[in-house]
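Worksheet: one structure, shown below.
Values quoted throughout were computed directly from the atomic coordinates according to the rules given, and no laboratory measurement underlies them. This structure is a prediction, so every number in the text was calculated from the model and none was measured. Neighbour counts run over all protein chains shown; Cβ positions are idealised from the backbone, glycine included.
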Amino acid sequence: MKKIFLAIISFLWIAHVYSQNKVIPNPASLYAKFLGYKSEMKTDSNGNQLKVCIFPNNTECDEWAFFRGKCGAEFSYCALKGCTSETDSTDIAQFGVCVCTDSLGKKIKIPLLDFMMQHGDTLYRESKMDRR
């Protein structure tokens, strides 16, 4: 009984320590940072705060809209690789896709994160998940 009690206490302590030191990074912010763009917190006319990505020509776009391919297409990862970017959706989500033309002239849609991985890039490799 004592061993079971100690095992449970140990497990709970480890779970507590682990959960306190890990955070899930914002993929939209990581995407803007990966591409080298500045981010800034703004407040809209309704008082809502949002983070915007500032492009080299000083235009700006909501980070999530940029990540989903809704704005800033000419500054996207897709554009840097010679493709265009669009927004695709399912019943429950919207996501960015790269639209590329293959050697036969056929258009191919590839989800942004998959496209990045195909080119050896990822948003999470260099992100720091520890709060310390």
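Here is how the numbers come out for the structure above:
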quantity: Sparse-neighbourhood loop sites, GluC sites (Glu not before Pro) in the stretch 40-129 - DSSP loop, at most 16 other Cβ within 10 angstrom; calculated: 126
quantity: Contact order relative to length of the stretch 37-87, as percent, for alpha carbon pairs under 8 angstrom and 6 or more apart; calculated: 23
quantity: Relative exposure of 89, 76, 45, judged by other C-beta atoms within 10 Å (fewest first); calculated: 45, 89, 76
quantity: Stokes-Einstein D (µm²/s) once Rh is taken as the Kirkwood radius of the stretch 25-118 over alpha-carbon pairs, at 4 °C in 1.567 mPa s; calculated: 93
quantity: Residue 106/residue 24 FRET efficiency (R0 41 Å; Cβ-Cβ; nearest 0.05); calculated: 0.65
quantity: Charge sum, other residues only, whose C-beta stays under 15 Å from residue 81's C-beta, Lys/Arg counted +1 and Asp/Glu -1; calculated: -3
